[in-house]
Amino acid sequence: MSRDSPQFVVVIAFATVAGFLRGGLDATTADLVEAQLITEFELSIDAIGLLMSVLSLLALAATIGVFVTGYWWANRADIPAAYGRFAVWLCITAVAGYGLGFLPLSLLFTDQPILAVFAFLFTGAASLITIPITGLAGGAIAQYRSVTQSS
């Protein structure tokens, strides 16, 4: 399966969006810990709770999209030949999306940009693992089902 196939493009897009939403969620959470969002934007606790809930639900939906499209991809892929490349692309796009979601918000609300970069490196590791694993899990289930149905 080539990188230009619709399944591959869709799963990569979902991985980027999921990374972006997780990055925004983590940056917003970190800024709430410092209480800067409350003082600078005068947000109520209810508004912050709603914002965090919406971001969490969107991130969950995007991660489920990674799983479903990973399953869809694996139904049409040459698994042994393409699985490693698929995993690498999921990791790259998830971390890129995470950086686009995390760094701008963190740099906007901090007076120490080097800390924001270090926070990105440490928290981005979670995104490097969780988002690609969901896509790979969808692919593994599709591969398992195709093997068990053919035997």
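The values are calculated or read from the model by the stated rules, or taken from the named source; none is laboratory data. All figures in this text were calculated on a predicted structure; none of them were measured in a lab. Glycine also receives a Cβ, built like all others from the backbone with ideal geometry; neighbour counts cover every protein chain displayed. For the accessible areas, the whole protein counts, side chains as well, though only heavy atoms, and no ligand, DNA or RNA atoms are used. Shrake-Rupley method; radii C 1.70, N 1.55, O 1.52, S 1.80 Å.
Figures for the structure shown
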quantity	calculated
Highest-first arrangement of 120-129, 10-19, where packing means the average Cβ count within 10 Å	10-19, 120-129
Rounded accessible area per residue of the stretch 43-133, 1.4 Å, Å²	54
The stretch 112-151 - percent of accessible surface contributed by carbon and sulfur, probe 1.4 Å	77
Simple Cβ-charge dipole of the stretch 6-150, Lys/Arg +1 and Asp/Glu -1, about Cα centre, in debye nearest 20	860
Between the stretch 51-94 and the stretch 6-25, the alpha-carbon center distance in angstrom	7
Separation of the Val117 and Asn75 label points, Cα + 7 Å toward Cβ, nm	4.5
Rg(Cα) / (2.2 N^0.38 Å) computed for the stretch 6-150, rounded to two decimals	1.19
